Amino acid sequence: MHTLSCLALLRLEERGVQPEKVLQAARLLDESCLRLCEGQHLDLCYQNRLDIEVNDYLKMISGKTATLFQCSLKLGALLGADDRELVECLGHFGHNLGLAFQIRDDILGIWGQEEVSGKSSVSDIQEMKKTLPIIYGLAKDKELSMIYRKESLDGDDLVSVPSILEKVGAQAYAQDVAQRYYDEALSALQSASIPSPAKEEFEAIADFILKRGY
């Protein structure tokens, strides 16, 4: 996928894009891919650790989902306009929107309806992923910490974990954090010098991401 994207960038000159912009776009893509790899590495490293805090989690998803969103928005702005401030504004919009997207995904990975989301509601728990609700729950409940010290989880654990998370308010906490990044994304969007119809479309996308059921 990385090779295909690089080849696509190199063909931009055939569409009349200035060589300087092609070089900037290629550098942005490579820097983003590096951060994606770093974020994925952290995700794998966190899986067997219990000392992960919220800031560690945010660093990890900043390198994964948020970087992907940010790169997409910045590439579009870079190639569509000659406005460095616009590129940065849409980059901040994409970064914060990516954070909100991933946190919402974490919520759906535990409380989503499988027939709607297409994802098992216990898959993240089974894989012992350090999603935001889990990290919050581990900090709030000793029983959950004991469960996550096991090498693998059994059927009873898959019932107990969601119950504990509900008890400590992990879902509400995660949704509040997602809302905060959604608000920051919209704030960055409002600073962008783009026409109102385009802003409204971006706002609709952001609203969907925050409230989506799949």
Give the residue that is nearest to residue 129 (Cα to Cα), with candidates limited to residues of the stretch 58-116 that are in contact (Cβ under 8 Å) with a residue 60 or more places away in the chain and not in a helix (DSSP H, G or I).
-> 112
Taking residue 204 as meeting all but one of (1) at pLDDT 95 or above; (2) within 18 Å of the chain's Cα centre (by Cα); (3) more than 30 Å from residue 82 (Cα to Cα), write down the number of the exception.
-> (3)
Only one of (1) among the basic types (Lys, Arg); (2) surrounded by fewer than 19 Cβ atoms within 10 Å (Cβ to Cβ); (3) touching a Leu at 6+ places or on another chain (Cβ under 7 Å) does not apply to residue 74, and that is (2)
Among 192, 178, 174, 204, the single one that is more than 26 Å from residue 140 (Cβ to Cβ), out of contact with any Gly (no Cβ under 6 Å at 6 or more places or on another chain) and touching a residue at least 24 places away in the same chain (Cβ under 8 Å) is 192
Residue 168: more than 29 Å from residue 203 (Cβ to Cβ) and crowded, with 22+ Cβ neighbours inside 10 Å, yes or no?
-> no
Of all residues in the stretch 175-199 being farther than 17 Å from residue 77 by Cβ and charged (D, E, K, R), the one that is surrounded by the fewest Cβ atoms within 10 Å (Cβ to Cβ) = 176
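The values are calculated or read from the model by the stated rules, or taken from the named source; none is laboratory data. All values reported here derive from a predicted model rather than from experimental measurement. Cβ: placed from backbone, ideal geometry, glycine included. Neighbour counts: every protein chain shown.
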